[in-house]
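A.B. asks: My structure is below; once you've seen it, I'll send some questions.
The values are calculated or read from the model by the stated rules, or taken from the named source; none is laboratory data. The shown structure was predicted, so the numbers you read here are calculated from the model rather than taken from an experiment. When we count neighbours, we look across all protein chains shown, and the Cβ atoms used for this are built from the backbone with ideal geometry, even at glycine. Ligands, DNA and RNA are excluded from the accessible area calculation, which covers all protein heavy atoms including side chains. Shrake-Rupley method; radii C 1.70, N 1.55, O 1.52, S 1.80 Å.
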Amino acid sequence: MSYPTRSLSTHGGMGPSSGHQSALTARIEEKRAELEHLKELKDLSGAVAAQMEALEQKLSTLSDGTEAIATVIGNWHNVLGAINMASTKLATQASASTNRDEEPQHHVPLPQTLVRIPTEHAPTLQAQTENIEAAAVEDASMASP
């Protein structure tokens with residue numbers, strides 16, 4: 001950035017003094033504009049920092065969710081093994097009973113229920129899910145300018 005040079009001439013009169021005054025005024029205005037730009041840059045930097053912190057929190061949540069999904073997927077072999085054992089036991093019981101009686105049975109015993117899901121809390125859980133989804137939509141709308 002080049003700065004205006006001062007005139008050191010002593011030719012007298014108002015010319016050099018008014019030129020010097022206008023150069024100082026121009027420099028002051030230039031510095032004010034620079035200050036405004038720096039303030040704007042500071043505000044924008046703060047906004048970017050806030051968005052980065054929000055992104056960090058969302059990525060942390062995503063990471064936690066990914067770990068939970070990995071745990072569930074890792075346990076699926078146990079679930080499938082339990083289902084296979086129940087099915088195998090059911091098949092051996094059915095074949096043993098048909099060999100003994102030689103009569104087809106109308107009532108085949110079913111395996112014990114492996115998973116029980118309580119339904120009395122379903123309306124409360126549905127309301128919580130809707131509130132979470134509404135908050136996520138609101139956060140997304142606030143994050144986009």
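A.B. asks: Of the conditions (1) farther than 30 Å from Met142 by Cα; (2) touching a residue at least 40 places away in the same chain (Cβ under 8 Å), Lys89 clears all except one; give me its number.
C.D. replies: All conditions pass for Lys89, except number (2).
A.B. asks: Restricting to region 49-77, give me the number of residues that are farther than 30 Å from Val137 by Cβ and open to solvent by 90 Å² or more (accessible area, probe 1.4 Å).
C.D. replies: Taking region 49-77 as the starting set, the residues that turn out to be farther than 30 Å from Val137 by Cβ are 74-77.
Adding the requirement that they be open to solvent by 90 Å² or more (accessible area, probe 1.4 Å) leaves 76-77.
Of the residues in that region, 2 qualify.
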